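Bear in mind that the values in this text are calculations on the coordinates, not laboratory data. Since the structure is predicted, the reported quantities are computational estimates derived from the model, not experimental observations. Quick reminder, even Gly has a Cβ in these numbers, built from the backbone with ideal geometry, and neighbours come from all protein chains shown.
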Ligand code: HEC
């Protein structure tokens, strides 16, 4: 019995740890690659519900990539090329976790940093 208990505590610890690590990484991506254009930070994150963020990130972030592909902004070429890169496709899930965590209907506000 005790063994099972420890096992469940362990699983809980591992899964909750993973999620907060993803949210943290997502926040870093947002701060590095999105804030320079989406300056509203909190208001931008809160501009969508969880469902809307999930839909924007569907099919490997297809909509988000498509929106930014059509933008021609010479001041932010690096951030724009990041969104279209393989690096973004590896990490976009973290960004989704972060945005969903603090979405309009989440009742949470991210700490400033
Ligand atoms: C070069 C500046 C720039 C960068 C960098 C940028 N965006 Fe955008 N983004 C825009 C513009 C311009 C639009 C289209 C106009 C609008 O709707 O605000 C847009 C639109 C969007 C939209 C759809 C509009 C909405 O609110 O539904 C989302 C979602 C979005 N961006 C997310 C992101 C994310 C996530 C990042 C970081 C990975 C990012 N953007 C980085 C300029 C940028």
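Things to note:
- For residue 36, the test of being surrounded by 12 or more Cβ atoms within 10 Å (Cβ to Cβ) and touching a residue at least 60 places away in the same chain (Cβ under 8 Å) is failed.
- Considered as a group, the residues in region 72-107 that are surrounded by fewer than 11 Cβ atoms within 10 Å (Cβ to Cβ) and within 24 Å of residue 49 (Cα to Cα) include one that is nearest to the chain's Cα centre (by Cα), and that residue is 90.
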